[in-house]
1. Reachable lysines from Lys155, Cα under 23 Å, same-chain residues fewer than 8 places away excluded?
2. For the range 1-46, place one equal point scatterer on every Cα, skip the solvent, and apply the Debye formula. What is log10 of I(q)/I(0) at q = 0.22 Å⁻¹?
3. Calculate for the chain the 222 nm mean residue ellipticity that helices alone would give, adding -39,500 (n - 2.57) per DSSP H run of length 4 or more and normalising by residue count, nearest 500 deg cm²/dmol.
4. Can you tell me the mean projection area, over all orientations, of the convex hull of the range 40-175's alpha carbons? Units nm², please.
5. Can you pull the three principal axis extents for the Cα set of the range 90-145, in Å, largest first?
6. Among Asp158, Asp24, Asp112, whose mean-square fluctuation peaks in a Gaussian network model of the chain (Cα, cutoff 10 Å)?
7. For the range 3-282, divide the Cα radius of gyration by the Kirkwood radius and give the resulting Rg/Rh value with two decimals.
8. Take the cross-link list Lys26/Lys272; Lys26/Lys93; Lys111/Lys148; Lys244/Lys272 and give me the ones stretching past 19 Å between alpha-carbons.
Amino acid sequence: MKISQILRSNPVTISMEVFPPKSDVKLDSVRATVREIAQLHPSFVSCTYGAGGGTSQYTVEIARDIMEEGVASMAHLTCVSSTRDSVRSQIAKIRSAGIENILALRGDIPKDMEFPSRRYYEHAIELVEQIRAEYPDACVGGACYPEKHPEAFNKDEDIRHIKEKVDAGCDFLTTQMFFNNSIYYNYLYRLREAGVTVPILAGIMPVTSRRQMERSIQLSGCVIPPELAALVDRFGDSPEAMQKAGIIYASHQIIDLIANGCGHIHVYTMNKPEVAEGILYNLRGIV
Ligand code: FAD
């Protein structure tokens, strides 16, 4: 099923993100984990594609597993380190697997890459246009950044590029993680003011370890509010306590978003079924 349709028919949706293994050594265990998450029946599950500009050979396979569990799935696709032909064949692979939803991303620029390069892509908008041309029926999503993309000069410039990307054919946007809902509300207001009218899924990352929080800041540059920093300070050395506190913090963020009319939530599960389950448990009776 198309995500655009799911978002249209449900004022509140809780979707989840999983990631594929880097090598086939862990393929079976990741597939089992993803199936466990899909069996919780979130609104849909998305599967990432590589990281740091890399690609992944398992994204489509895992997205198919999700569909086999009766859950709508979305394959992420990046383009920055791929040629037009390799992207074309990946789009064809996604299409022939029956996957109707693609998150069109540029990907991070690999450290050793000459950028911009004539052979490759510069921005996600080029990928959105290519998907629209080669798989016109696909439901296409894009990424957006409440605290601005790290490469953007300022928020206005970043939002201008988001508007162009949406106009090129995005049906919805999913945000980078954020830990302070006020930042999201302010961003949403600015997007709407700029004429971006598609649904914006709020990306929520449950922080379940000190290391994960440090890595998140490093990758996304997002601000850690004092309340969350205090939790990590107090419970960061106790995995069980930190996981519980992280699930509660994320659940609180989600409840506040829903209460304020922002009902489309995308949870970064980090392939942890117990975290996904804990969040859904906390939301029972609310969604
Ligand atoms: P773009 O939309 O191209 O934006 C990148 C930068 O370029 C921004 O600063 C923007 O303002 C600027 N820009 C855009 N268009 C123009 C233009 N025409 N002229 C000048 N500047 C422009 N990475 C992965 O490798 N795999 C994944 O599966 C993955 N999933 C993600 C899921 C979500 C929800 C998010 C938020 C990010 C994800 N990422 C993933 C990370 C993403 O690939 C990086 O953040 C990447 O650096 C930017 O990708 P983008 O699609 O937002 O790029």
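All of the numbers you see were taken from the coordinates with simple rules; none came from a lab. Remember, it's a predicted structure, so these values are computed and weren't measured experimentally.
1. Cα-Cα hits under 23 Å: Lys163, Lys165.
2. -0.77
3. Details: 11 runs with 131 residues, N = 287.
Value at 222 nm, helices only: -14000 deg cm²/dmol.
4. Numbers: hull surface 33.8 nm².
Its average projected convex-hull area is 8.4 nm².
5. That gives 35, 26, 17 Å along the principal axes, largest extent first.
6. Asp112
7. Values: Rg = 17.9 Å, Rh = 19.1 Å.
Ratio of gyration radius to Kirkwood radius for the range 3-282: 0.94.
8. Values: Lys26/Lys272 15 Å; Lys26/Lys93 22 Å; Lys111/Lys148 21 Å; Lys244/Lys272 13 Å.
Too far apart for the 19 Å limit: Lys26/Lys93; Lys111/Lys148.
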